[in-house]
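**Student:** Here you go, one structure.
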Amino acid sequence: MQLTDFSFLFAFLPLSYLVYLLLVRQKIKTSTLNVYLLVISLLFYAAQGFSSLFILVFILLWNWFCAGAIEYDLTQRANPSLADGSALDPAENMEAPNLGSQTGAINPAGSIRAAKSAAGFHALPAARQTLWLCVGVNLLILLLYKYLPTWLAPFGFASRWISQFVMPIGLSFYMFSSLSYVFDVYNQKAKTCSLVNFGLFTAFFGRVIMGPIGHYAQFKDQLDDHPVTRRAKRYGAVLFLQGMFYKVMLADNLALIFAGLETNTSWLGTWLLAVSYTLQLYFDFMGYSRMARGLASLFGFQIPQNFDKPYTALSIQEFWRRWHISLTDWFREYIYIPLGGNRVSQSRWVLNLFVVWLLTGIWHGPTLPFFVWGILQGGLILAEHKLYGNALNKAPAWTRHLYVMVLVMISWTIFFSPTIGMAFARIGRMFFVGIEGFSNSQAMFYLVHGLILLAAAIFCATNLPKKATHWITVHVPLNKGLLGAFGYGLGLVICLAMLISQTSQAFLYTAF
Amino acid sequence: MPSKFKNPYAYGQAILLVILVLFLISSFFQGSIHSTASFAQVESAVLAAVDQNQYPKQDNLKIRRLFSLDPYLAKNIGLYRISNGMEGSEMVLVEYDPSQKDQIEQAMKDRQSLQKSIYEGYAPDQAELVDGAVIDFQDNYGLYYVGADPQKVDQAFRQAIKGN
């Protein structure tokens with residue numbers, strides 16, 4: 001079930017929300033409301049099939065038990081009566097976390113030295129053993145379902161054997177959300193919670209399929225209290241409708257341009273392909289994230305935004321502070337900072353940077369283009385830091401913006417190409433290498449017929465809609481509430497009409 | 001399992017690991033897949049796994065001529081091949097009612113057998129290609145693929161029909 005399916009829009013959502021509001025009206029306890037939300041979230045996910053539901057439930061139970069075991073071990077270690085002389089647990093020595101600091105939430109130095117001098121895994125503090133076991137099992141499941149089917153595809157028998165394992169939808173997203181709980185408990189940024197609350201945090205139906213990835217320490221307080229105010233309901237409805245508009249009206253139609261130009265080998269066709277994908281990916285994923293945030297708000301939760309107008313960035317570093325924020329935050333918090341961040345030697349910092357970006361590429365997919373794409377992002381960020389960052393800061397804004405957009409489109413070309421050879425061929429054609437003409441009839445067809453759509457998409461990707469809304473609010477002498485209701489109502493009708501006409505496409509980021 | 005864990009949560013962890021192993025083992029022996037994915041989604045995923053220049057979509061009426069199969073037996077069907085008698089590469093993607101599965105699958109097998117016997121005479125490399133074809137028919141989706149990397153295409157097909 002997807003958020004744009006009719007079964008969701010006209011059955012699941014209204015029914016589940018109506019029941020929820022009735023429960024709230026009856027002043028049912030928050031803990032009971034959370035049970036209800038968890039049950040409907042699991043029912044939502046059950047539409048994906050038993051195997052997928054099993055994996056989700058396993059991940060929930062496994063990570064919850066592991067976090068409980070870690071907290072138990074940490075509590076035991078804090079007990080001064082334990083005096084077995086083993087290495088100090090790093091969390092025991094950790095100061096209260098400073099969110100503004102770039103130093104690691106874990107101080108690995110002391111415990112790593114002690115561990116090295118002892119007899120490997122078994123000499124590590126129990127909490128750390130449990131952490132490694134927990135992460136290991138999670139990564140094993142990810143490897144089995146997401147990576148091995150592709151990596152073993154060339155090997156006949158193995159391929160047949162591994163083809164039984166088909167990745168459950170949203171696995172990458174909810175696994176990372178649930179691991180944030182484990183890490184936050186290990187780093188003592190949060191205490192363990194009930195299985196229901198943890199399950200709701202990880203598997204809430206609004207974001208279980210495509211995020212945003214949750215950060216437990218930032219979200220935990222809402223699990224104890226998430227009132228459904230009128231403002232939250234209005235905000236949630238607006239966000240949901242905006243997200244649906246971006247997805248159905250823009251992303252799905254841009255997908256048609258992309259599909260039509262995939263085999264085009266003209267210069268214009270290649271650039272149109274890159275532009276259409278650049279916009280399609282953004283509106284598809286941002287649209288979903290907005291719908292997810294809207295759903296969360298309807299039920300009283302606040303999820304931070306996942307995109308902040310990334311195509312207005314003036315550097316690659318800024319781009320990555322605006323794109324898929326929940327993922328970059330996750331990697332920074334749980335990988336980059338524990339590795340030492342930038343508070344290490346120069347060479348170690350460069351290594352940390354490339355490790356994080358390689359992992360980011362791998363997270364997106366199991367094939368070489370994703371790895372190259374990830375490494376490229378790390379390289380560009382490094383280059384901005386070390387080579388031309390100062391010059392870039394002094395350049396006019398329009399050149400900086402052009403620089404970002406060209407590099408982003410080249411990056412996305414690598415991202416969406418099935419093989420690295422095809423990626424390089426397309427990039428070559430962008431710069432007149434290997435083209436079969438400047439343009440052809442197919443490229444012109446999509447340019448002419450897609451011009452308005454592309455212009456609308458570019459408009460919506462900037463800050464102009466906000467400015468336009470503000471202008472209308474100030475200068476148009478009409479009832480703002482009625483105008484807004486009319487606008488959103490019209491948008492909803494058009495979206496539904498497009499969904500009915502079956503021009504809707506699958507959400508792109510479900511592939512990750 | 002040890003008789004006594006120090007950490008009470010360890011019992012839960014141990015039980016879960018056993019359940020996981022049993023589940024993974026049982027996954028090897030699962031039956032055919034019934035898909036809820038749309039034909040468009042499956043088609044898109046499978047076409048992404050092949051060189052689309054080699055598999056342009058053909059008129060469904062050709063299915064009747066080439067496969068002796070009424071295309072209207074299926075809910076959705078697509079034939080993808082170059083109109084070139086020297087090339088054995090072709091692909092058929094079909095969504096059907098489970099009751100039609102056997103008939104459609106047999107049509108694919110007959111086609112494979114016919115193509116192989118034709119190519120054996122004058123294009124043994126194409127005959128070999130046809131011999132290595134994927135004929136993967138699940139509960140309501142089927143794939144017949146002749147071409148390079150058959151396992152990769154089959155994997156894409158299976159992932160797509162499972163909705164991923």
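The values are calculated or read from the model by the stated rules, or taken from the named source; none is laboratory data. What you see is a predicted model; the values in this text were computed from it and never measured. Don't worry about glycine lacking a Cβ; one is built from the backbone with ideal geometry, like all the others, and counts go over all protein chains shown. Ligands, DNA and RNA are excluded from the accessible area calculation, which covers all protein heavy atoms including side chains. Shrake-Rupley method; radii C 1.70, N 1.55, O 1.52, S 1.80 Å.
**Student:** Give me the pairs, please: first residue somewhere in segment B:27-51 and over 24 Å from A:Leu144 (Cα atoms) and more than 9 Å from chain A (Cβ to nearest Cβ), second residue anywhere and surrounded by 14 or more Cβ atoms within 10 Å (Cβ to Cβ) and of a type in the set (Asp, Glu), beta-carbon distance under 6 Å, and either six or more positions apart or on two chains.
**Tutor:** B:Phe39/B:Glu95
**Student:** Scan segment A:43-60 and tell me whether some residue there is at pLDDT 95 or above, over 26 Å from A:Lys146 (Cα atoms) and buried (at least 18 other Cβ atoms within 10 Å of the Cβ).
**Tutor:** Checked segment A:43-60: no residue is at pLDDT 95 or above, over 26 Å from A:Lys146 (Cα atoms) and buried (at least 18 other Cβ atoms within 10 Å of the Cβ).
**Student:** Another one. Pick out the one residue from A:Tyr36, A:Tyr17 that is open to solvent by 30 Å² or more (accessible area, probe 1.4 Å), under 19 Å from A:Leu239 (Cβ atoms), hydroxyl-bearing (Ser, Thr, Tyr) and out of contact with any strand residue (DSSP E or B) (no Cβ under 9 Å at 6 or more places or on another chain).
**Tutor:** A:Tyr17
**Student:** Give segment A:299-327 a look and list any residue that's of a type in the set (A, V, I, L, M, F, W, C), in contact with a Phe, Trp or Tyr (Cβ under 6 Å, 6 or more places away or on another chain) and part of a helix (DSSP H, G or I), or say none.
**Tutor:** Once the filter is applied, which keeps residues that are of a type in the set (A, V, I, L, M, F, W, C), in contact with a Phe, Trp or Tyr (Cβ under 6 Å, 6 or more places away or on another chain) and part of a helix (DSSP H, G or I), segment A:299-327 yields nothing.
**Student:** B:Tyr80: within 12 Å of chain A (Cβ to nearest Cβ), buried (at least 21 other Cβ atoms within 10 Å of the Cβ) and more than 18 Å from B:Ile33 (Cβ to Cβ), yes or no?
**Tutor:** No; evaluated as a whole, the condition is false for this residue.
**Student:** Then there is this: Identify the single condition in (1) open to solvent by 30 Å² or more (accessible area, probe 1.4 Å); (2) modelled with pLDDT of 95 or more that A:His385 does not satisfy, given that it satisfies every other one.
**Tutor:** Going through (1) open to solvent by 30 Å² or more (accessible area, probe 1.4 Å); (2) modelled with pLDDT of 95 or more one by one, A:His385 breaks only (2).
**Student:** What's the number of the only condition in (1) closer than 30 Å to A:Leu38 by Cα; (2) open to solvent by 40 Å² or more (accessible area, probe 1.4 Å); (3) not in a helix (DSSP H, G or I) that A:Arg332 fails to meet?
**Tutor:** (3)
**Student:** Related question: Please go through segment A:205-217 and pick out each residue that is within 11 Å of A:Arg293 (Cβ to Cβ) and not small (Gly, Ala, Ser).
**Tutor:** A:Arg207, A:Pro212
**Student:** Any idea which of B:Ala123, B:Ala156, B:Ala133 is surrounded by 16 or more Cβ atoms within 10 Å (Cβ to Cβ) and more than 14 Å from chain A (Cβ to nearest Cβ)?
**Tutor:** The unique qualifying residue is B:Ala123.
**Student:** Can you list the helices (runs of 4 or more DSSP H) lying wholly within segment A:393-512 that have 3 or more residues being without any contact (Cβ under 8 Å) to a residue 60 or more places away in the chain and exposed (fewer than 14 other Cβ atoms within 10 Å of the Cβ)?
**Tutor:** A:397-416, A:441-461, A:464-475, A:480-500
**Student:** A follow-up question, please. Take the conditions touching a helix residue (DSSP H, G or I) at 6+ places or on another chain (Cβ under 7 Å), open to solvent by less than 40 Å² (accessible area, probe 1.4 Å) and at pLDDT below 95 and apply them to A:Pro369. Does it pass?
**Tutor:** Considered against the rule, which asks whether it is touching a helix residue (DSSP H, G or I) at 6+ places or on another chain (Cβ under 7 Å), open to solvent by less than 40 Å² (accessible area, probe 1.4 Å) and at pLDDT below 95, A:Pro369 comes out as yes.
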